[in-house]
Structures are given as structure tokens and as C-alpha cells.
Amino acid sequence: MDRLVIRGGVPLQGEVRISGSKNAVLPAMAAALLAPGESRVRNVPNLMDVRTMVRLLEHMGVVASIEGDVVRLDAGPAANPEAPYELVKTMRASFFVLGPLLARYKRARVSLPGGCAIGARPVNLHLVGLQAMGAEIDLMQGYVEARADKLHGATIAFDQVTVGGTENVLMAATLAAGTTVIENAAAEPEVEELARLLNRMGARVRGAGTRRIVIEGVGELSPFDHAVIPDRIEAGTFLAAAVATRGDVVLVGAALEHLEAVVRKFREMGAIVDPVASGLRVRAPQRLEAVDVSTAPYPGFPTDMQAQIMACLALARGRGLVTETIFENRYMHVFELVRLGADIAVDGRVAMVRGGEALDGAPVMATDLRASASLVVAGLAARGTTEVRRVYHIDRGYERIENKLLGLGARIERVHADGE
Ligand code: UD1
């Protein structure tokens, strides 16, 4: 297992290119199941999760290849519509294949994702949505077995905003008979992006990016050639790293319109964030001020940035309250940040961060994707050496993070350690 060794205290300087969005690429790849012929996804980041999705689609008989930042996917007329436990357990987004499989191949067998480091993360809402569209669903030995000769339109009001549930129902509804309305839909940019891509395939989707999406089913869809949006969470993570190290960094390709809640909070902390021709420039003040942060569905502050801003709050003046409203157990990074000298107390969904002058390097353990990102941010700012273990978590969602950070002047190296 690899580890990242960071010698902290260097202000990050320079430009970093933001990769394509992981959370947009994964549903786009699942959408390739909806049409016969070769679809192409461009601007694809080189990530473990993308390779897992390719393996999953290949398991189903899809002809897939990755060349540079282009993924080609060709889903033939017959498929093996099964997503096995071995793949789904490593990546919850595997569950996105359920809707497309059901819509095009009339049946699907998809493993339940199982436990997850950041809370239970059930899929009940995905299933309720597909059942409303006429799918028959059984849970058998850890698998969802679904059948539908022909899905039909329905009005689905989600009890809770769910990104994956919205995307699954959205994809299924494109080929259903009649009109589907999703109420309390997720409005994340990745949902809007998926709708854009589906419309390019010939679907009729309106309202994506709002809480109400209307989909008129069509008879068939065509393959697509589509470049995905930049990754707003990768951009936010580099923004946090720039702020924590008192740096001056240009996030090349970052889209301000997708980062408004994040930029607002960092500005409140004192950071100077300016749009520039190539993206966003971030500069930090000498001392950061504490703020309170509460996560919320888009356009609120993203849960996927909660851990990284917490690392910055550990270095701010004053006391900041962080409230995690999306996931019930997303504070795994707290105990590791405390090992670096942060003063954080957790009470249920609220974490109280008392900022200090500095953090001190230590060995820490990555526990999930964004938790590991926060440890890298903290390690870059800390005095001395921080070793982040179990880096595979970070490789799921960040493309060559150490190379990008080296380009910004960080002292960071990946160490391949055997037998850990
Ligand atoms: C997606 C993102 C993830 C992000 C999350 C919230 C992808 C690949 N992943 O995950 O990075 O952290 O949105 O912005 O896009 N829930 C249920 N029942 C369901 C579905 C969800 O109770 O059937 C709950 C979850 O447990 C969670 C909340 O709803 O508490 C939001 O989850 P959801 O939006 O579905 O997250 P994902 O789509 O898994």
C-alpha cells in the first residue's frame, strides 16, 4: 500500500489544472448502457473509480477502452446485466447501472452496496423510484433483482435529496413510456450535466439543475460524444490547500458557478478568490478567521468539502462549528486531524473546531476519499513531516495528486511500501 510523505510548511504557488469531474464521469459511463453503438466520454480523469466502472461495464459485455482522457464504451444488444458484489462494494456509484440496465435490457441484478465508511448510505430511494415506474424488485442474497418489461412514467417525490437516486431514476425514465416527474430532485451540477448528456442522446429532459425534473420517455437513444465538466470538489480541495498553506494558486479550468458556496465560505475566512481568464486565483490572508459551516444539498456547501474546510478551520483564529447534515458518520478525519494537533470536539453531527497557530506533522491514516484529502491539506500546512497511509482512498478520486502538488512547489512524495 502506498503512502504520501509530506514535508509541510511550503506555501503553494503556481497553476494547477483541474481534471474532469469524477461524479459526472461515472453516471455518464453508466448512461452509455442506454444506447447501441460506441459512446465516448472525454476529459475523463485517470482515477481508480473510472477503472472500476470500466471493469464493471466489461463484466456486463460492454466493449470498453481508455485512451488518455477518452473512454469508449459500446453496449451491444445483449448484455449480462449483473453488477457483482466485488465491484459494487469498492464503489457505490456502481449502483448507477441499475436504472439504465432496467430501461434497456428489462432486467438487472445489482449487488447492494453494503456498509460504507461514511454512514449507512442506503439505496431505498433509488428502489422506490424505480418501483413507481413499474419495476418489480426483490432483494435476494444481498442483490437487488429487478425486472420490468416496460417501465412507465410516474411522479416520484423523494423524501430526501439524493444525487444517485435522482440520476438512476433520470436515466431509467429516458426510455420509459410516458412522462416522469422527479420532485425534490438533486440539483447538483453533475445531475444537470447528466441531463445535458442524455438530451444529446435524444432524451427529453427538462428542469435538471432545479428541484423538479420532467422527463418525457422516448423510443430509443443514440450514442454520445461528450466532454465532462471540471471537478468542483478537486478544485475546492486545491483551493483549501492554497488557503491552508498561505499560498497563491490559480485553479485552471475551475468553474466559479459550481463553487459559489465554497468560495463564499473561504472568502468569509479571509481568502481572496478572483476569477481570472484561465479559472480562479486563490490567495490567503496572513491569518484565517473561523467560520461556521453547515453542509447541504447543492447549491449549499458540499459535504464532499466538509473535511477539507475543517483542516483550514484548525488553522484559523477563533472557533468554528461544522454541521454535517447529509451523512450521519462523516467525521472519520477528525481523529486523524487531532493527531496533527487540531483541537476538535464532535457531538453528534456537530464538530467544534478551535483554531490554533499551527499543526504538527504525524503519521495518519486515510479512511475515505475526502477524509484523506483533508489530511493532505493539513499535512501540507503542518510543520514537519506527515505521512498519509492508505493512499488508495485518495487515488479513487484525485488524479495524480502528488504530481499536481509538486507542480505547486509542495514537498511531497509517494512511497511504495510492501507488506503494510
Ligand atoms: C453522491 C456523490 C457523493 C456525495 C453525495 C452527496 C457521486 C458518485 N457521489 O453520492 O460524492 O457525497 O452525493 O452530495 O455522485 N439516501 C438514502 N436513501 C437512498 C439514497 C440516499 O437514505 O436511497 C441518503 C444517504 O444515506 C445520504 C443522503 O441520502 O444521507 C444523500 O445521499 P446521496 O445524495 O444519494 O449520495 P450519493 O448519490 O451516494
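Based on DSSP, what percent of beta bridges with both residues in segment 250-346 are antiparallel, to the nearest 5? List each step's numbers first, then the result.
Details: 8 of 13 bridges.
DSSP beta bridges in segment 250-346 are roughly 60 percent antiparallel.
Would you kindly calculate the mean projected area, averaged across all directions, of the convex hull enclosing the Cα atoms of the chain, in square nanometres?
Working: hull surface 73.6 nm².
With the hull built on Cα positions only, its mean projection is 18.4 nm².
Can you tell me the dipole magnitude for segment 218-342 around its Cα centre, using point charges on the Cβ only (Lys, Arg +1; Asp, Glu -1), in Debye to the nearest 20? Don't skip to the answer; put the middle values down first.
On the way: 12 positive and 15 negative charges, 153 e Å.
Dipole about the Cα centre, nearest 20: 740 debye.
Enter the angle in degrees (range 0 to 90, nearest 10) between the Cα long axis of helix 369-381 and the first principal axis of the Cα atoms of the chain, meaning the one along which they spread out most.
Value to nearest ten degrees: 20.
Summing Lys, Arg as +1 and Asp, Glu as -1, what charge do residues with Cβ under 12 Å from the Cβ of Ser65 carry, Ser65 excluded?
Values: positive: Arg40, Arg51, Arg72; negative: Glu38, Glu58, Glu67, Asp74.
After counting each charged neighbour, the total is -1.
Dipole size in debye (nearest 20) for the chain around its Cα centre, Lys and Arg Cβ +1, Asp and Glu Cβ -1? Don't skip to the end; give the middle numbers.
On the way: 47 positive and 49 negative charges, 91 e Å.
With only Lys, Arg, Asp and Glu charged at Cβ, the dipole is about 440 debye.
Let me make sure I get this right: for segment 22-216, a, b and c are the square roots of the gyration tensor eigenvalues over alpha carbons, sorted descending. Under 1.5 in a/c it's rounded, otherwise prolate if a/b > b/c, else oblate. Which is it?
Numbers: a/c = 1.28, a/b = 1.15, b/c = 1.12.
Since a/c stays below 1.5, the shape of segment 22-216 is classed as rounded.
Counting other Cβ atoms within 10 Å, which trypsin sites (Lys or Arg not before Pro) in segment 88-172 have at most 16 and lie in a DSSP loop?
On the way: sites: Lys89, Arg92, Arg104, Lys106, Arg107, Arg109, Arg147, Lys150; in loops: Lys89, Lys106, Lys150.
Those satisfying the criteria are Lys89, Lys106, Lys150.
I need the shape label for segment 328-407. Rule: rounded when a/c is under 1.5, else prolate if a/b > b/c, else oblate, with a, b, c from the alpha carbon gyration tensor. Can you show the working numbers first?
Numbers: a/c = 2.18, a/b = 1.28, b/c = 1.70.
Because a/c hits 1.5 or more and a/b fails to exceed b/c, segment 328-407 counts as oblate.
Under a plain spin-label model, where a point goes 7 Å from the Cα along Cα-to-Cβ, how far apart in nm are Lys106 and Asp225?
In this crude spin-label approximation the distance works out to 3.3 nm.
Quick check: the distance between the Cα centres of segment 103-181 and segment 217-281, to the nearest angstrom?
Between the Cα centre of segment 103-181 and that of segment 217-281, the gap is 30 Å.
Working from Cα positions, state the angle (0 to 90°, nearest 10) between the long axis of helix 189-200 and the longest principal axis of the chain.
Around 30 degrees separate the two axes.
Taking the 0 to 90 degree range and rounding to the nearest ten, how far is the long axis of helix 48-59 tilted relative to the main principal axis of the chain, both from C-alpha atoms?
Compared with the principal axis, the helix lies near 20 degrees.
When DSSP assigns beta bridges and you keep just the ones with both residues in the chain, what percent turn out antiparallel, to the nearest 5?
For the chain, the DSSP antiparallel bridge percentage is about 70.
Can you find, among Thr162, Gly320, Pro113, the residue farthest towards the positive end of the dipole of the chain? Put +1 on the C-beta of Lys and Arg, -1 on that of Asp and Glu.
The listed residue farthest towards the positive side: Gly320.
May I ask for the net charge around Ala135, where only other residues with Cβ less than 14 Å from the Cβ of Ala135 are counted and Lys, Arg are +1 while Asp, Glu are -1?
Neighbourhood net charge equals +2.
Since every read-out is calculated from the coordinates, none of them should be taken as a lab result. Since the structure is predicted, the reported quantities are computational estimates derived from the model, not experimental observations. No Cβ is skipped: glycine too gets one built from the backbone with ideal geometry, and neighbour counts run over all protein chains shown.
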